[in-house]
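One structure is given below, encoded as structure tokens.
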Amino acid sequence: MKIKSVVIFILTLFFALPVFAQDAQEIIKNVQNKYRDMKDAKATFSLSESFSGGKSSSAAGTLLIQKENKYKIKTDKFTLVTDGSTSWSYTPSKKQVVVDYYKDDGSSFSPNKYLFNYPENFYSDLSGEEKVNKKDCFFLKLTPRKKGNIKSAKVWVDKTEYLIRKITISTSESTKTYTLKTITLDPGLSSSEFSFTAPSGVEVIDLR
């Protein structure tokens, strides 16, 4: 279940030369301004993962987020959902869903954390500029301020729209890269999107 607890959808930044420091802070400010008044968002993404043992995997899916701490990451291999207090991790191939309390700590991955709170959670530096899906982006590297499962992260920010287009998250077990494709701000998502009911015949493991 570690692949899911540190997973989706969806966002990261920094390590570099001191000369870029002020620029990095301006980028962060512009990204936060973009998302500050947003209530929810929807995106499609591709996910690639390489494991410490040498194996790799890939998937594609959708990411839904809503303030505060609500998100759903869905691919054909797993679904991860939280309403901010309870989390559900569903693996169709195992016919199993694990239910637990949502944990907002240094070991957890949350799209909201990267969108709204990364200045507080990470040291950040501007590393340069790169293209993501033909879009010019600032390339940022992030270092967690507190020890946890996440060792480092990277984020690519659209230079025109200041939307996060790509994220790489590295832990001791693996490195995951999310590439965001279509992004829609304020689509008006229902709160029912952020709860989960296990399908018939699926084993429910409740860790609460």
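The values are calculated or read from the model by the stated rules, or taken from the named source; none is laboratory data. Since the model is a prediction, treat every value here as computed from it, not as a measurement. Neighbour counts run over all protein chains shown; Cβ positions are idealised from the backbone, glycine included.
Residue count for the stretch 23-49, restricted to those that are in a helix (DSSP H, G or I) and among the acidic types (Asp, Glu): 2.
Residue-wise test of (1) in contact with a Pro (Cβ under 8 Å, 6 or more places away or on another chain); (2) within 30 Å of Glu203 (Cβ to Cβ); (3) at pLDDT 90 or above.
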| position | (1), (2), (3) |
| --- | --- |
| Leu64 | no, yes, yes |
| Lys67 | no, no, no |
| Tyr71 | yes, yes, yes |
| Phe78 | yes, yes, yes |
| Ser85 | no, yes, yes |
| Lys94 | no, yes, yes |
| Tyr114 | no, no, no |
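Within the stretch 123-146, the set of residues being of a type in the set (A, V, I, L, M, F, W, C) and over 13 Å from Ile167 (Cα atoms) comprises Leu126 only.
In the condition set (1) at pLDDT 95 or above; (2) part of a strand (DSSP E or B); (3) surrounded by 14 or more Cβ atoms within 10 Å (Cβ to Cβ); (4) of a type outside the set (Lys, Arg), Ile205 is compliant with all but (3). Taken over the stretch 154-168, the criterion of being farther than 11 Å from Ser48 by Cα and either among the aliphatic types (A, V, I, L, M) or in contact with a Leu (Cβ under 9 Å, 6 or more places away or on another chain) (or both) is satisfied by Lys154, Val155, Trp156, Val157, Leu163, Ile164, Arg165, Lys166. In summary, Lys95 fulfils each of the numbered conditions (1) out of contact with any helix residue (DSSP H, G or I) (no Cβ under 8 Å at 6 or more places or on another chain); (2) on the phi > 0 side of the Ramachandran plot; (3) buried (at least 18 other Cβ atoms within 10 Å of the Cβ) with the single exception of condition (3). Within the stretch 12-50, if we keep just the residues that are modelled with pLDDT of 90 or more and farther than 27 Å from Pro187 by Cα, the residue that is nearest to the chain's Cα centre (by Cα) turns out to be Glu49.
Looking across the stretch 50-93, just one residue is among the aromatic types (Phe, Trp, Tyr) and in a loop (DSSP other than H, G, I, E, B), and that is Phe78.
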